1. For Lys33, list the aspartates and glutamates whose Cα falls under 18 Å from its own Cα; do not include residues on the same chain fewer than 8 positions away.
2. Taking a threshold of 29 Å on the Cα-Cα distance, which of the pairs Lys156/Lys241; Lys211/Lys252; Lys40/Lys219 fall above it?
3. Mind listing the long-range amide H neighbours of Ser97? Cut-off is under 5 Å, sequence gap 5 or more, other chains count too, H placed in the peptide plane at 1.01 Å from N.
4. Along the positive direction of the dipole of region 324-382 (beta-carbon charges: Lys, Arg +1; Asp, Glu -1; about the Cα centre), which of Tyr348, Asn359, Pro380 reaches farthest?
5. Just going by the charge dipole of the chain, with Lys and Arg at +1 and Asp and Glu at -1 on Cβ, which of Asn19, Asn56, Ile164 is farthest out on the positive end?
6. Once phi is turned into ³J(HN,Hα) by the Karplus curve 6.51 cos²θ - 1.76 cosθ + 1.60 with θ = phi - 60°, what whole-Hz value does each residue of region 118-130 show in order, with x for glycine and proline?
7. Across region 135-142, in residue order, what do the Karplus-derived ³J(HN,Hα) couplings come to in whole Hz, using 6.51 cos²θ - 1.76 cosθ + 1.60 with θ = phi - 60° and x for Gly and Pro?
8. How many angstrom separate the Cα center of region 1-38 from the Cα center of region 147-207?
Amino acid sequence: MSTPYSFKIYSTTAQLPSNWDDLAVSTIFLSKKYLEILEKSSPENMVCHYIGLFENKTLVGIALSQFLDLNQLESFGDRDKCIKTTVRNLVFRNFSSHVLVIGNNMLTGQNSFSLSESIDKKKALQTLRSATIALKKMFQSKGKKIHITTYKDFHKEDITNFGIPEFKNDYQFSTQPNMVFHINENWKSEQDYIDSLSKKYRDQYKRARKKATVIEKRKLHLEEIIALEDTIYDLYLHVAKNAPFNTFFLPKNHFRVFKEIFKDKFLFYGYFIDGKLIGFNTLIKNGPVMDTYFLGYDESIQREKMLYLNMLYDMIAYSINKGFKEIVFARTALEIKSSVGAKPIKMYGFIAHSNQIVNSYMPKIFRYLEPETNWQERNPFK
């Protein structure tokens, strides 16, 4: 089907149209500055491209693509040792090692594209599909055949726009939910949040805070992030490698570059015992939304001091005090995030394999690609 739109693919942020950020109003994660961070410090096995959609010569849509070469990873994660994990790793290594993501594989949420209000969304998606095909041909010409193409992450109301012929052979999937904490407009301080908790979860809060009395928490500036870069990276890798599944690892300079470019919109908090850094978390100001980002910690101290839970409480306290409307806690650790008040938001995506026979089995194969999570939702409020 022909569309009134055309596309351009850019390999550097210097090539982007001057009005690119006019379309990036819905999320900071499509802004030029964020894309510049990816350009300077994306994972070693990732190649990013930026897509502009045009009506005549007017920019009407922007999108992000990420190519992942899973062959470059030493490990997908060291935590789970079982037959299902072995099969999944075998499938990725041999049949699905080249992945093209339309969206952001480093984040949770709709950070894949942004369209102008006037645009026909279905026709825009047809054009985005054409751009995806062009990208696949580009990688093919460099000896990198794309095995899997995926579009992520979308809310339920977004997926109706994908009901077009171009996506009829793509498998619609739903992965772990995005854990989102909505801040009550009546809360003006952390104490208001504490007062809203039921006795069981107020006790949990008090217990966690008591355990962490010996921990000093402070905001780190760029110079400190640079000085502590080796320790920061070790703490990050400890958590990352203990995840059930990874498709990338951040480079060592990632947090430094983020702070250099985002400045006060990127928050880095260090946690210390006797002057030694034992954990950290990072936050990104995204309009009225606070996005949690990567963290790291010493596992033995994490358990003893309930460090992760304390980090969640600290993120909530800061976001309330600064007037944010919600916190995106993203995926993983669903139950503990639920215990502080985050709610699961179901997210959807689309995936297809380049081999038609393999693709016809995608509903069954996907169960091996996406680790299953059993968890119980909590309600900590009165």
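Bear in mind that the values in this text are calculations on the coordinates, not laboratory data. Because the structure is predicted, anything quoted here is derived from the model rather than measured. As a convention, Cβ positions derive from the backbone with ideal geometry for all residues, glycine included, and neighbour counts pool all protein chains shown.
1. By straight Cα distance, Lys33 reaches Asp21, Asp22, Glu260, Asp264, Asp291.
2. Lys156/Lys241; Lys211/Lys252
3. Sorted by chain and number, the residues that satisfy this come to none at all.
4. Comparing the listed Cα positions along the dipole, Pro380 ranks first.
5. Farthest towards the positive pole: Ile164.
6. Result, ordered by residue: 7, 6, 7, 5, 5, 5, 5, 5, 4, 5, 5, 5, 5 Hz.
7. Listing the rounded values in order: 5, 4, 5, 4, 5, 4, 5, 9 Hz.
8. Using only Cα atoms, the two centres lie 25 Å from each other.
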